Amino acid sequence: MEVPPPLVLKRPLYVPSKTLMGPGPSNCSHRVLEAMSNPVLGHMHPECLQIMDEVKEGIKYIFQTLNDATMCISGAGHSGMEASLCNLIEDGDVVLMGITGVWGHRAGDMARRYGAEVHYVEASFGRALSLEEITFAFEAHRPRVFFIAQGDSSTGIYQQNIRELGELCRKYDCFLVVDTVASLGGAEFLMDEWKVDVAYTGSQKSLGGPAGITPISFSKRALTRIRKRKTKPKVYYFDILLIGQYWGCYGTPRIYHHTISSTLLYGLREALAHFCAVGLKAVVRRHQECSKRLQLGIEELGLEMFVQREEERLSTVNTIKVPFGVDWKKVAEYAMRKYSVEISGGLGPTVEHVFRIGLMGENATVERVDMVLSILNEAIQSSKLGIKTERSK
Ligand code: GLV
């Protein structure tokens, strides 16, 4: 039997324009979108390698690091999580996961596949982890690797004490992996000063770049440990000794490891260039100011933030309790149908409980905050009216 060409592909490509105010991706700027329509380059062409070098410099700036092993993994944010764990873990290693939402569990699932003995230290619902809670778990398990998300996009929790965790990890001879996918650009992050061993972030959140290319950096200490592994990392694609050679990190000739998407590279390069031009501190300040304005507006609407303590609220992904009797799905559908605006529901432990509003990159502006507040309010009122009409039938 011959499979005919599909009819659907005879139609023109259809892509609607939406305002992405969920947990990511955020909208890309015209600069980023235009950059991505440049001609494709070969993955070993000198011009492509030059752009990779420029991207590397941008990543060092956003992480505030001088690490040589700074590069991108060709894959979504998840690939940063995979690469961190794949390179650091050997069979039987004890790994401790900090849990403030779904991401620690996801990392635990991955770590187990790489042969680790996994333990968890879980924060109380809606709270960040205290240094005491984590220290207690370190005493009990003596981990080789500790994972924590600086910002958990499923709960909107911000973990403030990364600097102290860097000290703790050195004391216990443990490697600190920090997921900054949702937090970078919305909170301070000083990789070298805080003694973070591995950090990765999302290209598609506060950076406003395309998804599918993930900035990552390994400390000298982590690199030394990886070079001394008894066995090779279990996944060739995530082996940072190889990827780093492709990215020109180690002063050795470039090797072919995989075919990078030059298109994504252009987009990320321009997103980083914009971020660097505005400046890290100004970017963080803007995200925090927008979040404060949103939180104030939420209060004025008589709604409640999910994270009780202000200092534990992530500025980029804001979680708002779904009021009693309101169907979050109807609210999200209303916002999308009427305004083409994405308001997201919860994830993992917050499913059905919260709305998630992302204020990231292009969408972290006063105008967008006021717009999303007004739409959220209208959508909630409309869903309440819907319930009343249903009842009176
Ligand atoms: C993705 O990062 C999400 O939180 O949904």
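Each reported figure results from applying straightforward, stated rules to the coordinates on display, with no laboratory input. The structure displayed is predicted, hence computed values, not measured ones. For neighbour counting, all protein chains shown are included, and Cβ atoms are generated from backbone atoms with ideal geometry for every residue, glycine included.
Name the residue that is farthest from the ligand (Cβ to nearest atom), counting only residues in the range 163-193 that are surrounded by fewer than 24 Cβ atoms within 10 Å (Cβ to Cβ) and among the aliphatic types (A, V, I, L, M).
It comes out as Leu168.
Which of the residues spanning the range 290-332 are closer than 24 Å to Asn161 by Cα, without any contact (Cβ under 8 Å) to a residue 40 or more places away in the chain and charged (D, E, K, R)?
Once the filter is applied, which keeps residues that are closer than 24 Å to Asn161 by Cα, without any contact (Cβ under 8 Å) to a residue 40 or more places away in the chain and charged (D, E, K, R), the range 290-332 yields Lys292, Glu310.
Go through (1) more than 16 Å from the ligand (Cβ to nearest atom); (2) in a helix (DSSP H, G or I) for Phe146 and report which single condition fails.
Result: Phe146 passes all but (2).
Looking only at the range 69-106, count how many residues are part of a loop (DSSP other than H, G, I, E, B), over 23 Å from Tyr250 (Cα atoms), away from the ligand (no atom under 14 Å from the Cβ) and of a type in the set (Gly, Ala, Ser).
So the count comes out to 1.
Checking the condition within 16 Å of the ligand (Cβ to nearest atom) and either more than 30 Å from Met336 (Cβ to Cβ) or crowded, with 20+ Cβ neighbours inside 10 Å (or both), which residue from Pro23, Pro39 passes?
Going through Pro23, Pro39 in turn, just one is within 16 Å of the ligand (Cβ to nearest atom) and either more than 30 Å from Met336 (Cβ to Cβ) or crowded, with 20+ Cβ neighbours inside 10 Å (or both): Pro23.
Could you check the range 6-47 and list, in sequence order, the residues that are of a type in the set (Lys, Arg) and either in contact (Cβ under 8 Å) with a residue 60 or more places away in the chain or assigned to a loop (DSSP other than H, G, I, E, B) (or both)?
Arg11, Lys18, Arg31
Given the options Val326, Val331, name the one that is part of a loop (DSSP other than H, G, I, E, B) and either in contact with a strand residue (DSSP E or B) (Cβ under 7 Å, 6 or more places away or on another chain) or of a type in the set (A, V, I, L, M) (or both).
Going through Val326, Val331 in turn, the sole match is Val326.
With respect to Met360, is the statement that it is closer than 30 Å to Val284 by Cα and surrounded by fewer than 19 Cβ atoms within 10 Å (Cβ to Cβ) true?
When the stated conditions are applied, Met360 does not pass them.
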